[in-house]
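Before any comments, here is the structure.
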Amino acid sequence: MKNVFLNYPDPSNVYSKMWKGVWKILAPSKIKIFMWRALHDALPTRAAIAHRLNHEDSCCKSCREKDESTLHMAALCPKEQEVWFISKLSLRLTYFNATSFRERWLLVWDLLKRETNSRNFISLALFTLWRIWKKRNDLIFNDISWTSEEVANKAEKDH
């Protein structure tokens, strides 16, 4: 029987190449470590904390519609989708069909690495994700809201 997966790349190899690419980006170590935690679903999102502590409130504070998982916080929340779209990346993350943040990021990374200035785009994506996380923390811990434009502009400035 013919192996139907013969033409598909080994996921662990793809992930390894992506991760090596992330470490080559000019960004502070804290952002690269944050990315590692996001890719391993190890961020203290409301859903993760609720699961660990048997707490009931796991709702995203930004949209109040869904549980705040890493995938939701980074890509599926309507407020964060707006950030990705109005940024210089102009990404519509809902076009990428994936069930985890890691899968979705691999699809985004694959798309961005095809661009002429791929390192610049990947770097901007990292800084955008970092600023989305900072915005989320400001909302939860300081009750301070940022507009999508502020998030995108801060990411661009940091980048």
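The values are calculated or read from the model by the stated rules, or taken from the named source; none is laboratory data. What you see is a predicted model, and the numbers here were worked out from it, not measured in a lab. Heads up, the Cβs are rebuilt from the backbone with ideal geometry, glycines too, and the neighbour counts pull from every protein chain shown.
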## Note on the structure
Quick count over the range 21-37, residues being part of a helix (DSSP H, G or I) and either touching a Leu at 6+ places or on another chain (Cβ under 7 Å) or under 16 Å from N120 (Cα atoms) (or both), is 8
### Summary
Residue hits (the range 25-51; β-branched (V, I, T) and either within 17 Å of the chain's Cα centre (by Cα) or surrounded by 17 or more Cβ atoms within 10 Å (Cβ to Cβ) (or both)) are I25, I31, I33, T45
### Query
How many of the residues in the range 141-151 are in contact (Cβ under 8 Å) with a residue 40 or more places away in the chain and within 15 Å of C77 (Cα to Cα)?
2
### Message
Being surrounded by 13 or more Cβ atoms within 10 Å (Cβ to Cβ), at pLDDT 85 or above and touching a Cys at 6+ places or on another chain (Cβ under 6 Å) is the requirement here; does S62 meet it?
### Response
yes
### Query
If you go through the range 121-130 one residue at a time, do you hit one that is free of Cβ contacts under 8 Å to residues at least 60 places away in the same chain, surrounded by fewer than 17 Cβ atoms within 10 Å (Cβ to Cβ) and on the phi < 0 side of the Ramachandran plot?
no
### Task
Tell me which residues, restricted to the range 55-76, are more than 21 Å from W36 (Cβ to Cβ) and in contact (Cβ under 8 Å) with a residue 24 or more places away in the chain.
K61, S62
### Task
Could you figure out which of (1) more than 20 Å from D158 (Cα to Cα); (2) among the polar types (S, T, N, Q); (3) touching a helix residue (DSSP H, G or I) at 6+ places or on another chain (Cβ under 9 Å) isn't true of T116?
(3)
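Every residue, every condition in (1) exposed (fewer than 14 other Cβ atoms within 10 Å of the Cβ); (2) among the small types (G, A, S), yes or no:
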site: Q81; (1), (2): no, no
site: W84; (1), (2): no, no
site: S87; (1), (2): no, yes
site: T94; (1), (2): yes, no
site: S100; (1), (2): yes, yes
